Amino acid sequence: MPIRMKVFGLTIDPMTNSPILILKDPEGEKTVPIWIGLLEATAIASELENIKFSRPMTHDLMKNLMDHLGVKLAKVEICDLRDNTFFALMYMVLQGKEFSIDARPSDAIALSLRAEAPIYVDESVIQKSKEIDLGAKEEIQNEESKKWTDILESLNPEDFGKYKM
């Protein structure tokens, strides 16, 4: 069952320096972090901050085209999470007929902000994202531990004089 969510904000992953889009339910009980690209983060942030550019960005162009053609974005749904990849559907309405289009969540959300369309996340995606988040933390800790083990094992006694604390 889909849960309504709102864009809570954007942050940066300190390990990878990748932008993370944070979605939260209105009660703030459920959170979904989605790692996105820098350009998509810029498109989302510019809309959240109400920054207007002299020329339309891609998502603005898409919204203008939809308005011109009479297409309405009814809602966005983050519907699946497979192999660490999120999937979204944009539900559109044209002349009373509803149809859906596959989209990257970041693009769908950037467009939903411009169209003031609601964002939903399927409950199964929320659960899977928790599992990935925990797995990613373990993997990062394991990688960090292995990196330091490799560094320490490769040191020679004469190297100790080179490094200062």
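Dipole check for the range 87-130: with +1 at the C-beta of Lys and Arg, -1 at the C-beta of Asp and Glu, and the Cα centre as origin, the magnitude is about 100 Debye.
Restricting the calculation to Cα atoms, the range 2-153 shows an Rg/Rh of 1.05 when the hydrodynamic-style radius is the Kirkwood one.
Straightening the chain between Ser100 and Lys130 buys 8.1 nm, computed as 0.36 nm per residue apart minus the Cα-Cα spacing. Computed extension length for Lys52-Glu27: 6.0 nm, one decimal, from 0.36 nm per residue of separation with the Cα-Cα distance subtracted. In this structure, the pairs whose alpha-carbon distance is over 30 Å, taken from Lys30/Lys72; Lys6/Lys72; Lys52/Lys128; Lys30/Lys75; Lys6/Lys63, are Lys52/Lys128.
All of the numbers you see were taken from the coordinates with simple rules; none came from a lab. Quick caveat: nothing in here was measured; it's all calculated off a predicted structure. Ideal geometry is used to build each Cβ from the backbone, glycine not excepted, and the neighbour counts take in all protein chains shown.
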